[in-house]
Amino acid sequence: MNCNGCNQVLESDVGYLMCNLCGGRYHHECLNINLQQFLALTHEFKSAWKCPPCCNITRRTRPNLDTPVRSTQLPTYEDNSMNMSCDNLDQRPPSPRTPLTFTSRTARVDENSSILFDNQFQSFSQELNIAIQGWRSDIDRTMALFKEDIKNTLQEWRGELESSMLSCHESLKNSLSDMKRELGTVRAAQADLKKEVKGLSDEML
């Protein structure tokens, strides 16, 4: 259902008045009634309320134009800012809602949207921070395990290298000892040969 004044959708949580003649519905803002004033209206007043077009028709069909309008748009105990007589409404264009009213409604919608966006952004930021902290913890654990693996591997390589070097050193030491023994044997044989040669030379003389 749309408002007959601004042709905007009548929301369920927004107050409106319904004409008891034509059944037309109007936002209370379109009738220049603020929310506080609207909430102060009695049920009897709302039930007997007539829209501006129906008020115009009623006035034109009455023979005595001096007769006052049967009921104003707001009770007489309301202040002048709430005066919603048919005469006053006739002087205002009946179709789109005034820019001020539309702007205020738009501002409320924008404010609600901004609050909703802020809440959603805050929730998203919290979830993102939790996810980042989780990723950071996983990365830290992975890096710690990686460092430990590298440390263990290097220690194993160092142990193997030291063992290999000790083995090689021992092998070289043994080889050198064997070579020294063989050299001693060769020198002894050489000395024996020299003695034999000298003996033969003496015999020939």
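Numbers at a glance
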| read-out | value |
| --- | --- |
| Förster radius 45 Å - calculated FRET efficiency between MET179 and LEU145 (Cβ-Cβ, nearest 0.05) | 0.35 |
| Region 21-28 - phi-based ³J(HN,Hα) in whole Hz, Karplus 6.51/-1.76/1.60, Gly and Pro as x | 9, 9, x, x, 10, 9, 4, 5 |
| Residues whose placed amide H lies under 5 Å from that of TRP49, excluding near-sequence neighbours | ASN20 |
| For MET18, net neighbour charge (Lys/Arg +1, Asp/Glu -1) across residues whose Cβ lies under 9 Å away | +2 |
| Distance (nanometres) between label positions extended 7 Å along Cα→Cβ at ASN7 and ASP138 | 5.5 nm |
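A short reminder: the numbers here are calculations on the coordinates, not readings from a lab. It should be emphasised that the depicted structure is a prediction, and the values quoted were computed from it without experimental measurement. Virtual Cβ from ideal backbone geometry, glycine too; neighbours counted across all protein chains shown.
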